[in-house]
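Please treat every number below as a calculation from the coordinates, not as lab data. Given the structure is predicted, the values throughout are model-derived calculations rather than measurements. Cβ coordinates were reconstructed from backbone atoms using ideal geometry, including for glycine residues, and neighbour counts include every protein chain displayed.
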Amino acid sequence: MRKLTYFIACSIDGFIGDPDGDASSMFGFVDNDYLEYLKSEYPETIAVLGREALGLQDSPNKHFDTLIQGRASYQLALDAGITSPYGHLREYVASRTLEKSPDAGVEIIADDLVGRVRALKAEDRELGIYLCGGSRIAGELLDEIDELVIKTYPQVYGSGMPMFGAGFAVTDFTLDWVRTFGNGVLVRKYSRKR
Ligand SMILES: NC(=O)c1ccc[n+]([C@@H]2O[C@H](COP(=O)([O-])OP(=O)(O)OC[C@H]3O[C@@H](n4cnc5c(N)ncnc54)[C@H](OP(=O)(O)O)[C@@H]3O)[C@@H](O)[C@H]2O)c1
């Protein structure tokens, strides 16, 4: 089975954005050292406009070849006039309201989200699945998540959009590694204890 990895940016206190999901206060931490790390280790997690600006158009995918995100997260790209924000990946958007996909490269999942994700995980492919967020879809898919890659920025939000829009339940993970940066950013990788 290939893995579903929630790769996400958050505050020290575990919020992925302000109450509306805006995480722009974190952008200032993307300095040269950290950007070089993202470019070399996780180039496929950079959306198309960023890849163009950074000259990464031909950069091979290293961890993921498939992406899944909720419609609210995808809406940010649509609002910017971009219908395929991660065209270098197979893109899936969960939505019950988008009746037709605005892009031939983006497939809408309207029904049986968990079943569709299980089918994607069962595919015989080398690279894994990037769960891009946001909070609500991550909460719905928590039982299916195999790995977390959490980029923590040295800020406390106090309140905001939680990493998981889910009810209380304890789910155990094992810490695989931590990478620290001089500007206070941490990247932590966890694997699900099954
Ligand atoms: N910090 C980060 O790294 C990061 C990363 C990604 C996103 N974000 C932020 O997260 C925010 C959005 O998060 P969110 O929690 O509001 O929304 P979301 O999880 O991105 O999307 C929720 C939408 O997904 C669809 N959906 C959810 N469950 C479904 C199911 N079982 N079947 C079919 N469709 C389903 C629904 O779309 P319909 O309403 O169309 O039915 C629902 O409204 C954005 O503001 C974004 O900035 C932050």
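Among the listed pairs Lys39/Lys62; Lys121/Lys193; Lys62/Lys100, which are separated by more than 19 Å between their Cα atoms?
Numbers: Lys39/Lys62 10 Å; Lys121/Lys193 17 Å; Lys62/Lys100 30 Å.
Where the Cα-Cα span goes over 19 Å, the pairs concerned are Lys62/Lys100.
For the range 145-194, what does the alpha-carbon gyration tensor say about shape, rounded, prolate or oblate, given a ≥ b ≥ c as the root eigenvalues, a/c under 1.5 as rounded, and a/b over b/c as prolate? Write out the running numbers ahead of the final one.
Numbers: a/c = 3.06, a/b = 1.16, b/c = 2.65.
Verdict is oblate for the range 145-194.
So what's the back-of-envelope 222 nm ellipticity for the chain, counting only DSSP H runs of four-plus at -39500 (n - 2.57) apiece and dividing by all residues, rounded to 500? List each step's numbers first, then the result.
On the way: 5 runs with 42 residues, N = 194.
Calculated from helices alone, the mean residue ellipticity at 222 nm is -6000 deg cm²/dmol.
Just to check I understand the Karplus step: with θ = phi - 60° and J = 6.51 cos²θ - 1.76 cosθ + 1.60, what whole-Hz values come out for the range 165-179, glycine and proline as x?
x, 9, x, 5, 6, 8, 10, 8, 10, 10, 6, 8, 6, 9, 10
Kindly put Lys151, Lys62, Lys3 in sequence by how many other C-beta atoms sit within 10 Å of each C-beta, fewest to most.
Details: Lys151 22, Lys62 13, Lys3 17.
Ascending number of Cβ neighbours within 10 Å: Lys62, Lys3, Lys151.
Is the shape of the chain rounded, prolate or oblate, going by the alpha carbon gyration tensor and its root eigenvalues a ≥ b ≥ c, with a/c under 1.5 for rounded and a/b larger than b/c for prolate?
Numbers: a/c = 1.28, a/b = 1.13, b/c = 1.13.
Here the chain falls in the rounded category.
Can you list residues from other chains, or at least 5 along the same chain, whose modelled amide H is less than 5 Å from the amide H of Ile109?
For Ile109, whose amide H was placed from the backbone, the distant partners under 5 Å are Val93, Ala94, Ser95.
Test of understanding: what is the full-extension gain from Trp177 to Arg118, defined as 0.36 nm times their sequence separation minus their Cα-Cα distance? Walk me through the intermediate numbers first.
Details: separation 59, 0.36 × 59 = 21.24 nm, distance 2.61 nm.
Stretched out fully, the Trp177 to Arg118 stretch lengthens by 18.6 nm.
Which of Tyr86, Tyr92, Tyr34 has the fewest other C-beta atoms within 10 Å, and how do the rest follow up to the most? Don't skip to the end; give the middle numbers.
On the way: Tyr86 25, Tyr92 22, Tyr34 18.
So the residues, fewest neighbours to most, are Tyr34, Tyr92, Tyr86.
Arrange Thr152, Thr83 by Cβ neighbour counts within 10 Å, fewest through most, would you? Walk me through the numbers before you get to the answer.
Values: Thr152 21, Thr83 16.
Neighbour counts put them in this order, fewest first: Thr83, Thr152.
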